Amino acid sequence: MAVEHSPASRAGDQTRIHDIGYRGYDGPRLGRAYARRSLYSQSLRGAYGLGRSVKSKVLPMLLFAVMCVPAAIMVAVAVATKAHELPVSYTRYAIVMQAVISLYVASQAPQAVSRDLRFKTVPLYFSRPIETADYVRAKFAALASALFVLTAAPLLVMYVGALLAKMGFTHQTKEFAQGLVAVALLSLLFAGIGLVIAAFTPRRGFGIAAVIAVLTISYGAVSTLQAIADVQSSGGAVPWIGLFSPITLIDGVQSAFLGGSSAFPGGVGPSGGEGVVYVLFVLGLIAACYGLLIRRYQKVGL
């Protein structure tokens, strides 16, 4: 279609309207729920490099293998020696492997959100039928799910191996369930912290360094202060100091309520009352991370 003008108007106005063949979309509108699920699925796949280049798959798959190989070795030893218990409990395994988990969070949290910030694609998401809360929930759930896969897979290896070694079914199932609860809380907490840090920098390298610093420095500082308090016979302060590091928070919860042993100095974890405070701290931090992400993306999406 073209609009023709009079000879007088042609001299001063060369405007034309052309029909270039675009067609309207008359199909079904799948809406926010579909967009949210698609963003979740895409982000979860991206956390393991699926659908991306081979280079993007190397680190997450390597870290996944590093998490599972020690569990497989423990199972092999237990089967060969006909042991009645696994050398490391289900609730303790993630605490022992916390350095690998921290490295995974540091590498994948910026990948989940920093590129959208760097290339300014966040407003494009919100131009479709998707809101700030949808974006945050999809990204939060995707990284938490990826972390749960990372931390629960070795527990599954241990559980299957324990049953093959003919250890007590009821006892192993109970401890396996407790371990799953512990790593589910860890996954939510670490995902929230990692995403909050990464959401404030569009530079992936800065995000990686910041996440590693927060997770490792806080753990090192808290462990040092706990050791000092224990040496100075201030054992009562040890559980309260543990509130200031993500990994010691999870350690406190699992030792207080999930039958796990504690890595605190002296092997004494928080009491029942202190454990309630630990649970409230963990849930409060998860909620705070979600709230901070909502506020962040309300500003970014403008």
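List of remarks:
- Scan of region 278-288 for residues that are open to solvent by less than 20 Å² (accessible area, probe 1.4 Å) and without any contact (Cβ under 8 Å) to a residue 40 or more places away in the chain, ordered by number: Tyr278
- Restricting attention to region 77-109, the residues that are farther than 27 Å from Val253 by Cα and open to solvent by 60 Å² or more (accessible area, probe 1.4 Å) total 5.
- Residue satisfying all of: in region 110-129; open to solvent by 80 Å² or more (accessible area, probe 1.4 Å) and in a helix (DSSP H, G or I); farthest from Phe148 (Cα to Cα) among these: Leu124
- Some residue of region 257-264 being surrounded by fewer than 17 Cβ atoms within 10 Å (Cβ to Cβ), part of a helix (DSSP H, G or I) and among the polar types (S, T, N, Q): no
- Among the residues making up region 148-167, those that are in contact (Cβ under 8 Å) with a residue 40 or more places away in the chain and not in a helix (DSSP H, G or I) are Ala165, Met167.
- Unique residue being among the polar types (S, T, N, Q), part of a helix (DSSP H, G or I) and open to solvent by less than 20 Å² (accessible area, probe 1.4 Å) when the list is Gln254, Gln298: Gln254
- Residue count for region 194-220, restricted to those that are within 20 Å of Ala288 (Cβ to Cβ) and over 18 Å from the mean Cα position of the chain (by Cα): 1
- So Leu50, is it free of Cβ contacts under 8 Å to residues at least 12 places away in the same chain, in a loop (DSSP other than H, G, I, E, B) and either exposed (fewer than 13 other Cβ atoms within 10 Å of the Cβ) or out of contact with any helix residue (DSSP H, G or I) (no Cβ under 7 Å at 6 or more places or on another chain) (or both): yes
- Of all residues making up region 187-206, the number that are open to solvent by less than 10 Å² (accessible area, probe 1.4 Å) and modelled with pLDDT under 90: 0
- The residue of region 207-221 that is farthest from Phe140 (Cα to Cα), among those that are surrounded by fewer than 23 Cβ atoms within 10 Å (Cβ to Cβ) and in contact with a Phe, Trp or Tyr (Cβ under 9 Å, 6 or more places away or on another chain), is Ala221.
- Considering Gly291, Gly275, Gly236, the condition of being at negative phi, open to solvent by 40 Å² or more (accessible area, probe 1.4 Å) and without any contact (Cβ under 8 Å) to a residue 24 or more places away in the chain is satisfied by Gly236 alone.
- Sub-7 Å Cβ pairs linking a first residue in region 24-45 that is aliphatic (A, V, I, L, M) to a second residue that is surrounded by 10 or more Cβ atoms within 10 Å (Cβ to Cβ) and modelled with pLDDT under 90, at least 6 apart or interchain, are Ala35/Arg128; Ala35/Pro129; Ala35/Ile130, ordered by first then second residue.
The values are calculated or read from the model by the stated rules, or taken from the named source; none is laboratory data. Note that the structure is predicted; figures quoted are calculated from it, not measured. For neighbour counting, all protein chains shown are included, and Cβ atoms are generated from backbone atoms with ideal geometry for every residue, glycine included. Note: areas computed on protein heavy atoms with side chains; ligands, DNA, RNA excluded. Shrake-Rupley method; radii C 1.70, N 1.55, O 1.52, S 1.80 Å.
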